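Heads up, the thing below is written out as structure tokens.
Values in this text are rule-based calculations from the coordinates and carry no lab data. As the structure is a prediction and not an experimental result, all values here were calculated from the model. Cβ: placed from backbone, ideal geometry, glycine included. Neighbour counts: every protein chain shown.
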Amino acid sequence: MNSTSEKMEQVVRAYNENEKHGVPFSGVIGVSGAYAQSAEAAYGYANRSEKIPNQAATRFGIASGCKVFTAVAICQLVEQGKLDFDTKLSECTDTAFPNFDPGINVHHLLTHSSGVPDYFDEEAMDDFEELWRERPTYGMTEVSHFLPLFAEQPMKFAPGKRFAYNNSGYILLGLIVEKVSGMKFRDYVQTHIFDSCGMNDSGYFRMDRLPERTALGYMDSEKDWKTNIFSLPAIGGPDGGAFTTTGDLDKFWDALLNYKLLSEKVTQKLLSPQIAEDEDTAYGYGIWIGMDGKQVRCRYIMGFDPGVSMVSRIYAQSGLRVHVLANVDGAAWQVAADVGASTRESECRKSPT
């Protein structure tokens, strides 16, 4: 066991021994890059009923972690001259939004600053399952199926006024990808991102048709547990829901950082702070950015859904990468922070609410 593996074991042991966490960590941790010895370790079960253990190659749902794929898709279309970041929403979709500000543009949508109503408003809701009590999850299979949840609601604020995390904005970006590229959103990402990066274990899989080596997501209560199959849309889309592995995440970062997906100019725009959430955290295009004053400390993607928890983080100075994919609620953030700290890196201080 190398030193990185030993640190990972220590982090997971400490996490599991902390009574406030309740449920033991279940998932995969991958560390690579910089001075750290590369290592992967798997914990818990991908399928509890059949007692199938998680493995390094297990695929996990990553919830909102895949917003970065939507952002890359949009940036590719900009580079092709089919869009601009200041293109208005009304100019690149066929849908009418009677209550939306006509000034909303692509940049606003990418940076969660559009002010459009969010179909899952985290400022007003805390239970994602509430959305599907009147609209069955099995019917949510196309990007356009989400429009009735928000398309006729009033704006929350004027475009560009402030940051407010917004899933609806990324639904709209998915519609833009479909309109401008002429391809279904998932087909576009599969062809131009997953296939291009060699991410052979990644995809938008139906919850009722998961391929081999895919972990089920678990929600635990004091008395029992259940899977998340009835808690999420039948298949993911531009705001979340893809499946991937720690190895494929490494391939994605390699391709992005080596300008294989986008030019250097547009890649740096995607990776640079575009808007501040608070004094410690900024947002690029589909990417969270941990700040230390004006200096970038780390960049990361993260996702949290019922039965899903993930963080994939790159530290700016060293290039160290820490990927944590979990099939239980809420575990990934703390584990990723502790693994980063144990390898002598300053962790991103911002924690999701």
Roughly how tilted is helix 246-257, in degrees to the nearest 10 and between 0 and 90, from the longest Cα axis of the chain? 50 degrees
Checked against the positive end of the charge dipole of the chain (+1 on Cβ of Lys and Arg, -1 on Cβ of Asp and Glu, about the Cα centre), the farthest of HIS21, ASN200, SER312 is ASN200
For the chain, modelled as a GNM with alpha-carbon contacts under 10 angstrom, which of ALA151, ALA73, ALA63 fluctuates the most? ALA151
Test item: Cα-centred dipole of the chain, Lys/Arg +1 and Asp/Glu -1 on Cβ, debye: 720 debye
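For the chain, what relative contact order do you get, as a whole percent, if you take Cα pairs closer than 8 Å and at least 6 residues apart? Write out the running numbers ahead of the final one.
Numbers: 721 pairs, mean separation 84.8, N = 353.
In percent, rounded to a whole number, it is 24.
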Neighbourhood charge, 12 Å Cβ-Cβ cut-off, centred on ALA56 and excluding it, Lys, Arg +1 and Asp, Glu -1: -2
Under 5 Å between amide H atoms, partner at least 5 residues away or on a different chain: which partners does ILE275 have, H built in plane at 1.01 Å? TYR283
Percent relative contact order for region 146-226, counting Cα pairs under 8 Å at least six residues apart, stands at 12 percent
Suppose every Lys and Arg Cβ carries +1 and every Asp and Glu Cβ carries -1, with no other charges. What dipole size does region 133-252 come out with about its Cα centre, to the nearest 20 debye? 400 debye
Can you give the net charge of the other residues whose Cβ lies under 13 Å from the Cβ of GLY103, counting K and R as +1 and D and E as -1? -1
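Kindly provide the helix-only [θ] at 222 nm of the chain, computed as the sum of -39,500 (n - 2.57) over DSSP H runs of four or more divided by all residues, to the nearest 500 deg cm²/dmol?
Theoretical 222 nm ellipticity from helices: -7000 deg cm²/dmol.
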So which lysines pass the test for LYS184, namely a Cα distance under 25 Å, with those fewer than 8 places away in the same chain ruled out? LYS67, LYS82, LYS88, LYS251, LYS260
R0 = 56 Å: FRET efficiency of THR191 with GLU17, Cβ-based, nearest 0.05? 0.80
For the chain, set up a Gaussian network in which alpha carbons nearer than 10 Å are linked by springs, and say which option among ASP94, ASP280, ASP239 fluctuates the most. ASP94
Hey, which aspartates and glutamates would be in cross-link range of LYS294, C-alpha to C-alpha under 12 Å, not counting anything within fewer than 8 residues on its own chain? GLU279, ASP280
With everything on Cα atoms, drop me the angle between helix 332-342 and the longest principal axis of the chain, reported from 0 to 90° to the nearest 10. 60 degrees
Pairs of alpha-carbon atoms within less than 8 angstrom and 6+ residues apart define the contacts here; what relative contact order does region 204-249 have, in percent? 44 percent
Fully extended, how many nm does the chain gain between GLU152 and ASN258 (0.36 nm per residue separation, minus their Cα-Cα distance)? 34.0 nm
Check the straight Cα-Cα distances from LYS265 and name the aspartates and glutamates below 19 Å, setting aside those fewer than 8 residues away within the same chain. GLU79, ASP84, ASP86, ASP254
So the angle from the long Cα axis of helix 67-79 to the longest Cα principal axis of the chain, reported in degrees to the nearest 10, equals 50 degrees
Amide H proximity to TYR45 below 5 Å, modelled H, separation 5+ or other chain, gives ASN54
